[in-house]
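**Student:** Here you go, one structure.
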Amino acid sequence: MSSFLEPYSHLVDFSQRSLLISTFAIAFNPTFWNIVARREYRTRFITRAFGSAQAGCYALAVTIFSLGLLRDFLYERALRAQPSHPLLEGDLPTYAGYVLLAFGNLLVISSTWQLGITGTFLGDYFGILMDDIVTGFPFNITNAPMYYGSTMSFLGSALVYGKPAGIFLTGVVLVVYLVAIQYENPFTAGIYAKRGQQTAAISSAKKAKKVEGKKEL
Ligand SMILES: *[C@@H]1O[C@H](CO)[C@@H](O)[C@H](O)[C@H]1NC(C)=O
């Protein structure tokens, strides 16, 4: 074990392979969907494979959702192999854990409800754009309810299990999501800005036509 982790080895057992695998799975998922979605945006390879943008986006949604289930399974497996800590074993941390799990899931589920499947699972990259920016709950309390809700659920599980390693892995989740937000937001903003320009161009073309029509009258 590297010596700088030594002082924490009673909290987190860094020698467990399952911890490494869980860390990898957490980092892999957003990396995967960003690479695939940007490739779809550039080449439409999923749309072509599935015959339509809608079908392609649903296929990607099923894949991302399954990868999420696998990641959650690997996380729980990693926690089971880790030491507990007395400070996390009382009733209070357990209840706090359940509250975090409930609120985290509420954010994730309500956000999916608001955005729909294609809105949640990268439909923008398939050219399936939302008509309006969603501002209702949970988007009135955070602009990334999916990511923060998921992070809360990880922390909640860590507390329910009473495992400091879960808090460490939650830190990994948070860092990965913060990087993902930095990487994704400018890109999707660009997709919508492009549509804005196109609709502006179309409406000014229509206006020009109208003016032309009037001239002819
Ligand atoms: C967000 O919206 C929900 C549901 O409409 C509402 O109950 C809540 O008070 C709002 N929160 C904020 C911070 O505006």
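**Student:** Pairs please, first residue from segment 125-143 and within 24 Å of Ala53 (Cβ to Cβ), second anywhere and within 15 Å of the ligand (Cβ to nearest atom) and not charged (D, E, K, R), Cβ atoms under 6 Å, 6+ apart in sequence or on different chains.
**Tutor:** Val134/Gln114
**Student:** Turning to a different aspect of this structure: Would you confirm, using the coordinates I've provided, whether Val173 is of a type in the set (Val, Ile, Thr), more than 16 Å from the ligand (Cβ to nearest atom) and crowded, with 22+ Cβ neighbours inside 10 Å? Don't jump to the end; show me each part of the working.
**Tutor:** On the way: of a type in the set (Val, Ile, Thr): yes; more than 16 Å from the ligand (Cβ to nearest atom): yes; crowded, with 22+ Cβ neighbours inside 10 Å: yes.
Taking the combined requirement at face value, the residue satisfies it.
**Student:** Also, quick follow-up: Tell me, yes or no, whether segment 124-134 has at least one residue that is open to solvent by less than 30 Å² (accessible area, probe 1.4 Å), in contact with a Cys (Cβ under 7 Å, 6 or more places away or on another chain) and at pLDDT 95 or above.
**Tutor:** yes
**Student:** Applying the selection to segment 123-152, what residues are away from the ligand (no atom under 12 Å from the Cβ) and part of a helix (DSSP H, G or I)? Lay out the reasoning, then the answer.
**Tutor:** Of the residues in segment 123-152, the ones away from the ligand (no atom under 12 Å from the Cβ) are 123-133, 143-144, 146-152.
Across segment 123-152, the qualifying residues are Gly123, Asp124, Tyr125, Phe126, Met146, Tyr147, Tyr148, Gly149, Ser150, Thr151, Met152.
Residue by residue, here is whether (1) open to solvent by less than 60 Å² (accessible area, probe 1.4 Å); (2) not acidic (Asp, Glu) holds:
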| residue | (1), (2) |
| --- | --- |
| Phe4 | no, yes |
| Pro7 | no, yes |
| Leu19 | yes, yes |
| Ala25 | yes, yes |
| Asn29 | yes, yes |
| Trp33 | yes, yes |
| Glu40 | yes, no |
| Ile46 | yes, yes |
| Gly51 | no, yes |
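**Student:** Select from segment 68-80 the residues that are of a type outside the set (Phe, Trp, Tyr) and open to solvent by 40 Å² or more (accessible area, probe 1.4 Å) and list them in ascending order.
**Tutor:** We begin by selecting, within segment 68-80, every residue of a type outside the set (Phe, Trp, Tyr); these are 68-72, 74, 76-80.
Listed by number, the residues that qualify are Leu69, Leu70, Asp72, Glu76, Arg77, Arg80.
**Student:** So is Leu107 without any contact (Cβ under 8 Å) to a residue 24 or more places away in the chain and within 16 Å of the ligand (Cβ to nearest atom) or not? Spell out the reasoning first.
**Tutor:** Working: without any contact (Cβ under 8 Å) to a residue 24 or more places away in the chain: no; within 16 Å of the ligand (Cβ to nearest atom): yes.
The answer is no for Leu107.
**Student:** With the structure loaded, tell me whether Phe139 is touching a Pro at 6+ places or on another chain (Cβ under 9 Å) and farther than 30 Å from Lys163 by Cβ or whether it fails that test.
**Tutor:** Numbers: touching a Pro at 6+ places or on another chain (Cβ under 9 Å): yes; farther than 30 Å from Lys163 by Cβ: yes.
Taking the combined requirement at face value, the residue satisfies it.
**Student:** Could you check segment 81-122 and list, in sequence order, the residues that are assigned to a loop (DSSP other than H, G, I, E, B) and not hydroxyl-bearing (Ser, Thr, Tyr)?
**Tutor:** Residues of segment 81-122 assigned to a loop (DSSP other than H, G, I, E, B): 81-85, 89-90, 121-122.
Listed by number, the residues that qualify are Ala81, Gln82, Pro83, His85, Glu89, Gly90, Phe121, Leu122.
**Student:** Within segment 82-89, is there a residue that is modelled with pLDDT of 95 or more, within 15 Å of the chain's Cα centre (by Cα) and of a type outside the set (Phe, Trp, Tyr)?
**Tutor:** no
The values are calculated or read from the model by the stated rules, or taken from the named source; none is laboratory data. Since this is a predicted model, take the numbers as computed values, not measurements. Every residue, glycine among them, receives a Cβ derived from its backbone with ideal geometry; neighbour counts consider all protein chains shown. SASA here: full protein model, heavy atoms, side chains in, ligands and nucleic acids out. Shrake-Rupley method; radii C 1.70, N 1.55, O 1.52, S 1.80 Å.
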